[in-house]
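Each remark here refers to the structure printed beneath this line.
Here, each number is a calculation from the coordinates, and none is a lab measurement. Owing to the predicted nature of the structure, the values given are computational and were not obtained by experimental measurement. Because the Cβ atoms are built from the backbone with ideal geometry, glycine has one as well, and the counts that use them run over all protein chains shown.
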C-alpha cells in the first residue's frame, strides 16, 4: 500500500517571499471596505450628464431656502411642500448649500457620500448577521448594482433617505444586542430623519422594526423587545406629528407623493415586473440562495425571511400602483436589505468561507461580482442617459435670455431655470404643467387656452418644446405656434437619451412683434412631482 | 529536504464535505461563469472599467487570503490581464483594415498570438497547489548514471564538470551509502573530428571516471547519450543524470533530485539551467532571459505536471526512456520531443533550486545560434507532434500538458510577431496605410492601455527578483534569427546539432545586429516622416509612441553589441569598461539604474523645454495721452499680415509702432506674432470677433457673450495675453451700434443695454485671469453718437474712430469729424483708423486735410492706416487699391502726415 507523500514543491518555488497578508490584523476588513468604497466612487464617477429635472428642482429650491435662512434673502414663496416627496427644508437645503459651493457636482458628491455610507452599513449589517467573508461579498456586490451607482450620482432625496435608513438599521442591530436604550434612541432618530428626507422611507420602517424586535426578543426577551419597539415608534411618530403640525401643507405633499400617489408614468404591470427582474434579479437570485443556505433555525430564518422579503417591497408597490417613475431608484432600498443574504450566499457558494488560499474557487465570487458589475454599470449608464444632456440647449438659450427682461415657456423648465439662474430670474420661467393667463380683454384662462392666448399676444419671448412628459400640452402649444406668425423657429437642437433621439424646438417671438396683452401679476408654479 | 507523510482521514467531517461539494460545484460553475462573463465583456465594451473592476474586486476578495503578496498580486493581475486581453482583442477584431489587408491581417494575427501567449503566461503563473507525490519505492537504492556528453568544449571546461559530479556523488553517497553512482563521459569528439578528442579520455582516466568514446556518428547528442546508455546497460530500473559538458553540479544536486523518484510514476526531475559567467554582458542578459523560463514558468508547469525535459541538469528514469526506445535522435531538441512521448504515462517534477551552473553564450553570434537551434527544434517538434498536442484523443496528454506544450512549441513564433510589430508602424508612417481603422485615441486608450499596463504590471510582479527587462530586450533582439529559423522549418531545411560555443568568438557583435541597424534606420526615417506629416492625428500619435518604443528596443540591442565589442578591445579595456558602465551597459544592476537615470534626465530636459514658463507678474498697461508721443500703426487684413510690414516701413520711412489684425474667438492669441512685434518695438492690436465659422450667428450675439457662452474661449485668450506680458490693444464688440456687426446691439437679439453687460463681462474675465496688459479699445461705428451703447467711461482705455473712405461716396471733412470726436471723448486717448480708395488726387487731398486735422487733436494716441480693402474676402488687387502704396502721391501725403505726427516729440 502506497503512502502519500507531500512533496514541498510550492514552498521551494517561492522561498524568498516573507511578506504575508495578516488575516489577524484588525485593519484588513476595513481595508476591504475602503477598497469597496473607492471602487464605488470610481464607478459612479463614470456617470456623466447634466442635471436631471428633479435634481435641478430640488437644488434650486434648496438654494432659495439657503438664501432665505442664511443670507437674509427673500422668503421662498413657491409652495414646495405641496408637491415635494420629502421635507423641503431638509435635503434640498443641504443640496442647495453644497450647490452654492461646488455646483451640481457638490450636491451629487453628497449623494455619493450617502451611498458610500449605505454600502458601509451593508458591510456592517452583514458582518453582524453572518461573518466577515459574507460582509465583504455583500458590500462589493451591493456597491456595483446599477441602482446604487445611479443614486450615488443623483442629487435627490433618495441617497440621503437610504443612508439614514441604513444607519437606523445598524443602530437597531446594535440596540438589539444590549440592554441600554442609547442605540434604540439613535435608531429612532435616524429612521425619523430618513422619513423626513423622503416620505417613502416609511415603507422600510417595518423591516427595521422587525429586526429590532426579533433580535431583542431572541436575546433579552419580549419585554425588552416591546420597550425598544415602543421607544423607536414613539420617536418616529412624535417627530412626524411635530413636523406635520408645524407645516400642515406637508400633509398634502405626503398624500400626493407617497401615501395616495397617482402614477405619474402609468406603466404595464408585466413591464414593471420585467424591469424589476432586470434591475434586481441577479441580487434576488443570490439572496434567495442565501435564504436557503445554511442550517435551518427558527432563531435566524424569520430574520433572513424579513431581509429577503424587503427586496420586493419597492417593486411590488410600483407594480401595484402601475408607477414606472423612480422604480430604478427605489430598487436600491430593497437591495440594501438583500445584500447580507446575497453576500452570505456568495461567500458560501464560492468556497470563500472554507478555502483561504488564492485559487480557482475565488474565481467564482470574482466572476459573479464582475457579472453584477457589468450589468450594474451598463444599467447605471442607461439610467443616467434617461434625460437629455442640456448643454447645447443651455448654450443656445444663453444667446437669447437676459435678466429681468423676457418670459420663457419651457418644457421641464427646472433644468433651464437651474442652469440659467445666473442670468434669468426664476419668475421669468413658465412651464407646461400649469399656467394661468389673463388676456387683454381681462379673461382669466388656464391650461391650453391660457397658452394659446399668451402666444397670440406675444407674451413669451422664448418657447422651448421637446415633447417629453407634457407631450399633449406641448402639441397644443406647437399647433398655435405653427398656426400664427408671432413666433419664429430659431433652432432645432438634437439630443439623445437611452430612449432615442429627440429635438428641442426653440421658438422666439418675431422681432417685429411686441407683447400686446395686459401685464400679468402671477406667474406659473412648478408642478413636478415625485 | 522536508518530506511530510500524511494519512487519509478515517471520517469525513462536515466542513470537508462542504469543501468537496464546493470543489465539485466550482469545477463546473467556474468555466461556465467565466465563459458567460467573457461573452458579456465581449459585447458590453466596458473597456478600461473591466480592468479597474477586476483589480478592485480581486483585491477585495483576496485581501484575507493566507497567501504571499506575490501570489495575491499574480492572481489579481493575472485576472486583469486575461479579462482586459479578451476585451482588447474583441475591440481590436472590429478594427482590422481589410482594405489594407496585407498589413491589417498580419498585425492582428501577431497581436492575437501575443495575447494568447500573455494569457498563457498568466495561466502558467496562476498559483496552484504543488503535485502530491506518493512513496512507492526507495529511490536511493536505484543505480545512478551521470552522463556528461562532450564534443569539443575543451579539457578545462570538462574538468570542472567532472569535479562537480564527483563532489555531488560524494555528498550523495555520504547520505546514502547504499547508493551506486557511475560518472560517464560520453565522448563524441572522435566522430565530430575534434583534434584533441583523446584528451577527454585522458582526463577521464586521470579523474577515475568512466568514458565512452563513440566511433559511429549519428543522432548528435541524443545518439551519443543513447550509445553510452546501451553500452553501460543503463536501462530498466535505473536513473540517468545528464549534464552538458559545461554544467557543473552543485554538491547537493543528487541529494535533492533523487527523492521524488520514490513515486514510481515520476519519469524525470528537471532543475534549472543557470549561467555562472555573468561578467559577460551577453551571457548575463541571456541568463535573465533563461530566468524567465526557469524561475517563473517552470514552477507553474511543474504544478500542472507539464514540465518537459530540458536536456541538461535533469534526472531521468531509464525505464521511461526504454518505453519510447530511448532518446529520440531525429530532433535537435531531443529532450523536448521525448517529453511529449513520455508525459502521457510519466510524471515530471521541477526543482527551482540552483543545483548546477554552466557557461552561457559569450557573444551575440553564439547566443543567436543557440536561439536558432532551440527555435528550429521546438518548431520542428510542432511540425512532427502537432497531432498529439492539438487533436483531442491523440497522444494521451491532458489539457494542461497540451496547453503547455502548445505554448512552448509556438513560443519561437514570437520572432515573426516581433518582425510584424517592427514593420507595421514603419509601413504606416511611410505609406499612410493603417492596419487599424475606425478607432480614435480615446477608444485606443480605453482598450489598449488597460491590457498593456496590466500585462506589464503582471509580468514584473511575477518577475520581481527573478528576471527583468534585460531578458525581454535580448529576447526581442533575437527576432531576425527566429524568423530565419521559422523559414528554415517551413522550408524543411535541417540543421545538425551544434554545441553552443563556450568561448568568446573573434567576430564583431556588430555583424550580428545588422538587421537591427537597418530597422533602426527605417524607424528613424518613419519617425521623421510621422513628425513632419500630421502628428495631430491620433493614429499617428500612437504610431509615433510605438516607434519610439521600438527605437528604444532596437537601440538597446545594438547598444549591447557595441558595448560588448568595446569591452573586448584590450588596449582600451579599462576606458571602455568605464564608458560602458557609465552608459548603463555593464551587466550588473547599474544597467537599469543607468537607463532609468538617463530616461529621467531626458524627461526632465523635455519638460523644461516643452512646458511653458511659469507665470511671471504681468505688466499693467494703461495708455496715456502724451502729445509728444503719437504712434503710427498699420492694420492688416489676414492675408497681408506676414508680408507687408517691412515693405511699408521702407516706403513710408517710419516703422509702425502698432500692428493690428482681426481674429475670431476660436482662434488663439498669436504669441509668436506678438513676440516678433515686440522685437520690432511694435505693439499688437487685436480686434476680436465673436463669430465662428459654421456656427449659428446667435452665438455671437451680445446676450450670448454676456451670459457666458464664450467664457472658456475668453479665458484662453486672457491667459495667453497675460503670458505675453507686453502691452496689447484689444478691441471687442466693434461697430456694435450697427446691424452689420456680428455682435450687434440693434439686431441678432441684441439691445443697447446688452453692450455694457457684455463689455464688462469680457473685462471681468480678463481681470480674473490677470491680463492687466490689455488696453481696451472701444470701437463703435459712430463714436460721436454712441451714448446709447457705450459702456462706462472708466472701462474704456481708448476710443477708435474709423475714417474709412470708399470710392464713389461723399467724404466728410476730417476736421469736422475729429472735432466732434474729440468733443465726445475729450479726455480719452484716441485711435484714428484711416483708409481710402479712389483717385490719387482725391486721396492726396483727403490725407492732406487729415494731416492738418490730426495735428489739432490733443488726445490723439495713434494714427493707424488700414492697409487693405475693408470688404471681407477681398482679393489682392482690391487690397492694392486701398494701400498706402497704391500710388506715389498718396504714399507721399501719408508719409508726410506720419512723419509730422510722430516727430512732434
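Given a Förster distance of 60 angstrom, what is the FRET efficiency for residue A:247 paired with residue B:666, based on the Cβ-Cβ distance and rounded to 0.05? After rounding to 0.05, the efficiency reads 0.70.
For the pair the stretch A:115-169 and the stretch B:118-143, the centres of their Cα atoms are 45 angstrom apart. Expressed to the nearest 5 percent, the antiparallel share of DSSP beta bridges inside the protein assembly as shown is 35 percent. Name the shape class, rounded, prolate or oblate, that the alpha-carbon gyration tensor gives for the stretch B:640-725, where a ≥ b ≥ c are the square roots of its eigenvalues, rounded holds for a/c under 1.5, and otherwise prolate holds if a/b is larger than b/c and oblate otherwise. Prolate, since a/c reaches 1.5 and a/b exceeds b/c.
Looking at chain B alone, DSSP beta bridges between its own residues are antiparallel in about 15 percent of cases.
Once a ≥ b ≥ c are taken as the square roots of the eigenvalues of the Cα gyration tensor of chain B, is the result rounded (a/c under 1.5), prolate (a/b larger than b/c) or oblate (a/b not larger than b/c)? Since a/c reaches 1.5 and a/b is larger than b/c, the shape of chain B is classed as prolate. For the pair residue B:430 and residue B:895, the difference between a 0.36 nm per residue extended length and the Cα-Cα distance amounts to 162.0 nm.
For chain B, the longest principal axis of the Cα atoms and the long axis of helix B:414-431 meet at an angle of about 20 degrees. Extending 7 Å from Cα along the Cβ direction at residue B:794 and again at residue B:437 yields two label points whose distance is 6.4 nm. On the basis of the beta-carbon distance and an R0 of 25 Å, residue B:651 and residue B:875 show a calculated FRET efficiency of 0.70.
Let me have the 222 nm mean residue ellipticity of the protein assembly as shown computed from DSSP H runs of 4+ only, each contributing -39500 (n - 2.57), with the sum over all residues rounded to the nearest 500.
-17500 deg cm²/dmol
Have a look at the DSSP beta bridges in chain A and tell me what percent are antiparallel, nearest 5. Roughly 75 percent of the beta bridges in chain A run antiparallel, per DSSP. By definition, a body whose alpha carbon gyration tensor gives a ≥ b ≥ c is rounded when a/c is under 1.5, and the stretch A:388-530 falls into this rounded group. Extending 7 Å from Cα along the Cβ direction at residue B:178 and again at residue B:678 yields two label points whose distance is 9.4 nm.
Using only alpha carbons, the protein assembly as shown has a radius of gyration to Kirkwood radius ratio (Rg to Rh) of 1.08.
Axis of helix B:479-490 versus longest Cα principal axis of chain B: the two differ by about 50°, to the nearest ten degrees.
Translational diffusion coefficient of the stretch B:216-317 at 20 °C, 1.002 mPa s, Stokes-Einstein with Kirkwood Rh over Cα pairs, in µm²/s as a whole number. Please list the in-between numbers first.
On the way: Rh = 15.3 Å.
Translational D for this selection: 140 µm²/s.
Remark on the stretch B:345-448: ratio of C-alpha radius of gyration to 2.2 N^0.38 Å is 1.56.
Histogrammed with a bin width of 5 Å, the alpha carbon distances of the stretch B:77-178 distribute as 2, 9, 11, 9, 8, 7, 7, 9, 10, 10, 9, 6, 3, 1, 0 percent, first bin at zero.
Provide the gained length on full extension for the span residue B:457 to residue B:541, in nm with one decimal, where the gain is 0.36 nm per separating residue minus the Cα-Cα distance.
That works out to 27.9 nm of additional length.
Helix B:14-44 axis versus longest C-alpha principal axis of chain B: approximately 40°, rounded to the nearest ten.
What's the whole-number percent of alpha carbon pairs in the stretch B:763-839 lying beyond 15 angstrom? More than 15 Å apart: 61 percent of the Cα pairs in the stretch B:763-839. Counting beta carbons within 10 Å around each of A:312, B:93 and listing the fewest first gives the order B:93, A:312.
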